[in-house]
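Remarks on the structure that follows.
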Amino acid sequence: AQSVTQLGSHVSVSEGALVLLRCNYSSSVPPYLFWYVQYPNQGLQLLLKYTSAATLVKGINGFEAEFKKSETSFHLTKPSAHMSDAAEYFCAVSEAGGSYIPTFGRGTSLIVHP
Amino acid sequence: EADIYQTPRYLVIGTGKKITLECSQTMGHDKMYWYQQDPGMELHLIHYSYGVNSTEKGDLSSESTVSRIRTEHFPLTLESARPSHTSQYLCASSRGKQGGTGELFFGEGSRLTVL
């Protein structure tokens, strides 16, 4: 069975500061991992994905995430926050060779202060 | 850019009315999904489909029903809307097992308010 835990329902940073959004997963088989972003009154948009190639994955808008199997983590980072990064962020996992139906975390709201 | 469309984007309706939320995708994806998103952000899978004539219930029990008569179309219907159905409904699609990873492509959502 697969599951995702996102630590912190809200993360607040100053503009220009490092962004770190935490995601830990549980999976009985090699996982596929995803980060999605949701802006107000929009659907979810893929930021980046890990599909068993490079463990450091670069996505859109300057975000990246590192797959760490030993820590079962897939934390999302960005070196310098911008006001436009304020949004909801969701981590998701699906299992290779399984149904591929993803399980989502509860989401983290990123607040960026000027 | 994803090609998945939801209509209506916003709907305000009275209790007891029947409503259908439309979802169409032009990517030829086999799998389609409906999520209900509560005000606290959390996504709840309410229905999904592996392909034409396939529909399955998701993790969250829902009074809504779905159909999949065509690959590109996955409408959701509420026979008698109630205030408890007020929510945002998100439709998504993904490739089937061949070439699939679980990556979802989302529509922009349908925000339903039942008075």
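The values are calculated or read from the model by the stated rules, or taken from the named source; none is laboratory data. Source: prediction; values computed, not measured. Cβ: placed from backbone, ideal geometry, glycine included. Neighbour counts: every protein chain shown. The accessibility values were calculated without ligands, DNA or RNA, using every heavy atom of the protein model including side chains. Shrake-Rupley method; radii C 1.70, N 1.55, O 1.52, S 1.80 Å.
Here is how the numbers come out for the structure above:
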read-out	value
Residue ID - nearest to residue A:93 (Cα to Cα), chosen from residues in region B:22-37 that are open to solvent by 20 Å² or more (accessible area, probe 1.4 Å) and in a strand (DSSP E or B)	B:36
Restricting region A:40-92 to residues that are part of a strand (DSSP E or B) and of a type in the set (D, E, K, R), the residue that is farthest from residue B:4 (Cα to Cα)	A:68
The lone exception for residue A:60 - which of (1) farther than 18 Å from residue A:104 by Cα; (2) more than 13 Å from every other protein chain (Cβ to nearest Cβ); (3) open to solvent by 40 Å² or more (accessible area, probe 1.4 Å) it fails	(2)
Residue that is open to solvent by 20 Å² or more (accessible area, probe 1.4 Å) and without any contact (Cβ under 8 Å) to a residue 12 or more places away in the chain, where the choices are B:101, B:71, B:86	B:101
In region B:57-76, the residues that are farther than 23 Å from residue A:106 by Cβ and more than 12 Å from the chain's Cα centre (by Cα)	B:63, B:69, B:70, B:71, B:72
Region B:1-21: number of residues that are in contact with a helix residue (DSSP H, G or I) (Cβ under 8 Å, 6 or more places away or on another chain) and either closer than 26 Å to residue A:88 by Cβ or within 12 Å of another protein chain (Cβ to nearest Cβ) (or both)	0
Selection from region A:82-114 of residues that are among the acidic types (Asp, Glu), open to solvent by 20 Å² or more (accessible area, probe 1.4 Å) and at pLDDT 95 or above	A:88
Residue A:1 being buried (at least 18 other Cβ atoms within 10 Å of the Cβ) and outside any strand (DSSP E or B)	no
Options B:51, B:96, B:16; residue that is modelled with pLDDT of 95 or more and over 27 Å from residue A:9 (Cα atoms)	B:16
Some residue of region A:67-81 being free of Cβ contacts under 8 Å to residues at least 40 places away in the same chain, out of contact with any Cys (no Cβ under 7 Å at 6 or more places or on another chain) and open to solvent by less than 40 Å² (accessible area, probe 1.4 Å)	yes
Identity of the residue in region B:38-68, of a type outside the set (Gly, Ala, Ser) and away from chain A (no Cβ under 14 Å), that ends up surrounded by the fewest Cβ atoms within 10 Å (Cβ to Cβ)	B:53
Filtered residues of region A:34-55 (kept if more than 9 Å from every other protein chain (Cβ to nearest Cβ) and modelled with pLDDT of 95 or more)	A:35, A:37, A:47, A:48
